[in-house]
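The values are calculated or read from the model by the stated rules, or taken from the named source; none is laboratory data. Just so it is clear, the structure is predicted and the values come from calculations on it, not from any experiment. Positions of Cβ are generated from backbone atoms using ideal geometry, with glycine treated the same way; all protein chains shown enter the neighbour counts.
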Amino acid sequence: MGGRDCRHNAAMRRLASLFAPLIPVRPVSFLGAVMLSTGPALRGRWHFRMRDLARVTADSGARALPIVTVVNVLVGAILAFVGAVQLVKFGAGIFVADLVGIAVSREMAAVITAVVMAGRTGAAFAAELATMQTNEEVDALEVLGLHAIDYLVLPRVIALLLMMPLLYVYGCLTGLIGGLLVGVSMLELAPAAYLDRSFEALTWGHLGLGFAKSIVFGGLVAITGCYFGLFSQRNAAGVGAATTRAVVVSIVGIISLDAVFAVCANALGV
């Protein structure tokens, strides 16, 4: 019996060693450390400087408005143009407003804004922290007793969690404006009729779903950028690799989470 137990334990250890590389221990532990640091910060015991939070918030919010405006206006215009080409055939051009309003509020404003922020802000987070890692600034902070997650990661996560919902609302407005421009110019719809139809199509369910997506996407972009920045190689190539991985993983994660949201929303009838 003893020999059989030893062989069984040895087989289990070999099996565990085979699957050990597939278990993402470090990302999970990093996410857990961020969540544990968030609790004291919410109770007023944060360990970062408020001016750092203000700087990151401005970079993630106000300075991102131009590109968010351009992208969402164009997306709204494209949706209206594609819908108009088909709906005009049936004499239902006014329903372009429904198409743009629902698509923008449920999907496009949250997803497109998150993708833009992943390529802009998430990449900046990864590059900045990777450069600090290369210059051994993160080690210096640890020596001074300042934990990197509390001092560097948490302000960036809080900034994107605060800014992404606001950018989502702004993206909805600019997307509707893009659709309005196409509807007025191409279909010769009255602006008042288009806006009235848009407000009838929009419901709190559509807006709530998009708002929830924006919060989740903001947290994903911030945590991914900070993770790849902190755990990068300490050279110039490592900075570039960390930035690339942060953007790629963020975009793939956004699309994957959007699919999960779609399945859950369909199951709940939202």
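Summed over region 78-127, residues that are closer than 21 Å to Gly208 by Cα and outside any helix (DSSP H, G or I) total 0.
Scan region 60-70 residue by residue and report those that are crowded, with 19+ Cβ neighbours inside 10 Å and either assigned to a helix (DSSP H, G or I) or without any contact (Cβ under 8 Å) to a residue 40 or more places away in the chain (or both). Passing the criteria: Ser60, Ala64, Val68.
Quick one: is Leu36 among the hydrophobic types (A, V, I, L, M, F, W, C), in contact with a helix residue (DSSP H, G or I) (Cβ under 9 Å, 6 or more places away or on another chain), within 23 Å of Phe217 (Cα to Cα) and modelled with pLDDT of 90 or more? Explain how you work it out, then say what you get.
Details: among the hydrophobic types (A, V, I, L, M, F, W, C): yes; in contact with a helix residue (DSSP H, G or I) (Cβ under 9 Å, 6 or more places away or on another chain): yes; within 23 Å of Phe217 (Cα to Cα): yes; modelled with pLDDT of 90 or more: no.
Spelling it out, it is not the case that Leu36 is among the hydrophobic types (A, V, I, L, M, F, W, C), in contact with a helix residue (DSSP H, G or I) (Cβ under 9 Å, 6 or more places away or on another chain), within 23 Å of Phe217 (Cα to Cα) and modelled with pLDDT of 90 or more.
Go through the residues of region 186-200 one by one and say whether even a single one is surrounded by 18 or more Cβ atoms within 10 Å (Cβ to Cβ) and within 30 Å of Thr57 (Cβ to Cβ). The answer is no; no qualifying residue exists. Considering only residues in region 242-270 that are over 22 Å from Val116 (Cβ atoms) and of a type in the set (Gly, Ala, Ser), the one that is surrounded by the most Cβ atoms within 10 Å (Cβ to Cβ) turns out to be Ala265. For the subset of region 139-151 comprising residues that are more than 17 Å from Ile223 (Cα to Cα), in a helix (DSSP H, G or I) and of a type in the set (A, V, I, L, M), which member is farthest from the chain's Cα centre (by Cα)? Looking at the filtered set, the residue picked out is Val143.
Being crowded, with 20+ Cβ neighbours inside 10 Å and at pLDDT 85 or above is true for just one of Ala124, Ala114. Which residue is that?
On the way: Ala124 fails: crowded, with 20+ Cβ neighbours inside 10 Å.
From the options Ala124, Ala114, the qualifying one is Ala114.
All of Ala259, Ala265, Ala236, Ala222 fail the test of being touching a helix residue (DSSP H, G or I) at 6+ places or on another chain (Cβ under 9 Å), at pLDDT 90 or above and of a type outside the set (Val, Ile, Thr), apart from Ala222. Under the condition of being in a loop (DSSP other than H, G, I, E, B) and either in contact (Cβ under 8 Å) with a residue 12 or more places away in the chain or not polar (S, T, N, Q) (or both), the residues counted in region 182-232 number 7.
For region 213-261, name all the residues that are hydroxyl-bearing (Ser, Thr, Tyr), under 21 Å from Gly32 (Cβ atoms) and under 10 Å from the mean Cα position of the chain (by Cα).
Pass one, region 213-261, residues hydroxyl-bearing (Ser, Thr, Tyr): 214, 224, 227, 232, 243-244, 250, 256.
Still in the running and under 21 Å from Gly32 (Cβ atoms): 224, 227, 232, 250, 256.
Hits for region 213-261 are Thr224, Ser250.
Evaluate the following for Phe90: is it of a type outside the set (Ser, Thr, Tyr), out of contact with any strand residue (DSSP E or B) (no Cβ under 9 Å at 6 or more places or on another chain) and touching a residue at least 60 places away in the same chain (Cβ under 8 Å)? Considered against the rule, which asks whether it is of a type outside the set (Ser, Thr, Tyr), out of contact with any strand residue (DSSP E or B) (no Cβ under 9 Å at 6 or more places or on another chain) and touching a residue at least 60 places away in the same chain (Cβ under 8 Å), Phe90 comes out as no. Looking at region 133-153, is at least one residue buried (at least 20 other Cβ atoms within 10 Å of the Cβ) and under 30 Å from Ala193 (Cα atoms)? No; the residues of region 133-153 include none that is buried (at least 20 other Cβ atoms within 10 Å of the Cβ) and under 30 Å from Ala193 (Cα atoms).
Is region 42-54 home to any residue that is part of a helix (DSSP H, G or I), closer than 16 Å to Leu162 by Cα and modelled with pLDDT under 70? Lay out the reasoning, then the answer.
Narrowing region 42-54 to residues part of a helix (DSSP H, G or I): 42, 50-54.
Applying the additional criterion that residues be closer than 16 Å to Leu162 by Cα yields 42, 50-54.
Restricting the remaining residues to those that are modelled with pLDDT under 70 gives 42.
Yes.
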